[in-house]
């Protein structure tokens, strides 16, 4: 067996095959083939070799015979434990050009292997500083969101739209003077400033009064769901019928306790909500830093990735989108159009995403190995125990079902913590 390294993390295995070895493979091929063919005057599997070859020709056995040869060579490859660890794709078989029955020849098996990884710098990388500031306005809005279910809409005394008001209005949209499907409605109610409509639409309604008509000039986003409107300039003729405002209940001590049992006063409710928002922002900022650091590492890495690892990840990405389209009962290509992409754009983006994700997996695995971040059995069992306490299940059942997931989650968390801990804030 001769082993040769190829580009794109592939190995080529070359084997010499003797004429006697091929004759043995032909015997096996005949035994297999003869069970399935019908020859007049003989039961299936009972025809002599000479009759079979006279009827179908010995060449009809070559393909199966070569399969037997390739199979035996694959077994030989797998006898070496190092090969088993390295192989990540399927074998591509080939035979030498001078292949001829009655003569020695060679066969070749080419396969993707786990790439060699030289890690780029992953400690001391610069990352944008965390922004953990939570404003009083954010806290008050969050508390209002808690009470929104109990708020009531009342007609506003001054029928002039301000940000946060609810407007009831008619609208008719047109592009190049032609109305488009789905672009009109009557007595539509919208909270101004919610960001529900096309950018610029709601802002232009601020200051409008009851019974006022106005043309709003907007441009559909380039990635708008309806491809026939994406990037197009449009005009919406709007007529306001009514302006409403939200009246919230009074934040008495009794009402505050109803919203949060831990709070006795409105001030305490604000403080608790602020703690919650800071914690949420801490998680979001940590995730942002991790993503920023990972992006730097992936861009700096130079790894000759095998095609099969990228293809596997691409198939997973596509499968996720196909599952979504089936869930909504929409043909896959139509679903891709609805998210603002052509199939060509989707394939290009999915392939690029697959390349980055496959490369990241390789790099993360290598860093975890180098830094000895592999989780211990004790850590895995502790994670199962914690989940068992939260869900009411048993630790043993959860370990049996989720051990691989716990291993992956713990290793990834340790990897992320390492990156952030060793980063330099700029």
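Scaled against the 2.2 N^0.38 Å expected of a compact globular protein of N residues, the Cα radius of gyration of segment 241-302 reads 1.96. In a fully extended conformation the segment linking residue 299 and residue 31 would gain 91.0 nm over its present Cα-Cα distance, using 0.36 nm per residue.
For segment 24-69, the calculated P(r), taken from all Cα-Cα distances in 10 Å bins from zero up to the bin holding the longest distance, is 31, 58, 11, 0 percent. Legend: P(r) of the chain from all alpha carbon pair distances, 10 Å bins from 0, whole percents, reading 4, 12, 14, 19, 18, 13, 8, 6, 5, 1, 0. Highest mean packing first, where packing is the average number of other Cβ atoms within 10 Å per residue, the peptides 173-182, 23-32 line up as 23-32, 173-182.
For the chain, take the longest principal axis of its alpha carbons; what is the angle in degrees between that and the long axis of helix 343-370, to the nearest 10 within 0 to 90? It is inclined by approximately 80 degrees.
A simple spin-label model places pseudo-atoms 7 Å from Cα toward Cβ; at residue 130 and residue 376 they are separated by 2.6 nm.
Computed from the Cβ-Cβ distance with R0 of 51 Å, the FRET efficiency linking residue 400 to residue 185 stands at 0.40.
Per-peptide packing, taken as the mean over residues of other Cβ atoms within 10 Å, places 260-270, 355-365 in the sequence 355-365, 260-270 from highest down. With the simple model of a label 7 Å out from the Cα in the direction of the Cβ, residue 152 to residue 241 spans 2.2 nm.
With a ≥ b ≥ c the root eigenvalues of the C-alpha gyration tensor of segment 313-426, is it rounded (a/c under 1.5), prolate (a/b larger than b/c) or oblate? Oblate. Note that segment 230-373 carries a Kirkwood radius of 21.1 Å, evaluated over its alpha carbons pair by pair.
With Rh defined as the Kirkwood radius, the inverse of the mean 1/r over Cα pairs, the Rg/Rh of segment 197-298 is 1.18.
A Förster radius of 35 Å, combined with the Cβ-Cβ distance separating residue 96 from residue 51, puts the computed FRET efficiency at roughly 0.65.
Placing pseudo-labels 7 Å out from each Cα toward the beta carbon at residue 84 and residue 40 gives an inter-label distance of 5.2 nm. Once you reduce segment 224-269 and segment 28-84 to the center of their Cα atoms, the two points are 73 Å from each other. Efficiency by 1/(1 + (r/R0)^6): what FRET value for residue 351 and residue 116, r their Cβ-Cβ distance, R0 = 30 Å, to the nearest 0.05? For R0 = 30 Å, the calculated efficiency reads 0.85.
At q = 0.11, 0.13, 0.15, 0.18 Å⁻¹ the log10 of I(q)/I(0) for segment 152-247 amounts to -0.31, -0.43, -0.57, -0.79, computed by Debye summation with a single uniform scatterer per C-alpha, solvent ignored. What the pair-distance distribution of segment 2-112 shows, using all Cα-Cα distances binned every 5 Å from zero, is 2, 11, 20, 19, 14, 12, 10, 6, 4, 2, 0 percent.
Computed from the coordinates by the stated procedures, all read-outs in this text should not be read as laboratory data. Worth saying up front: this structure is predicted, and the values here are computed from it rather than measured. Counting neighbours? That spans all protein chains shown, and the Cβs are built from the backbone with ideal geometry, glycine included.
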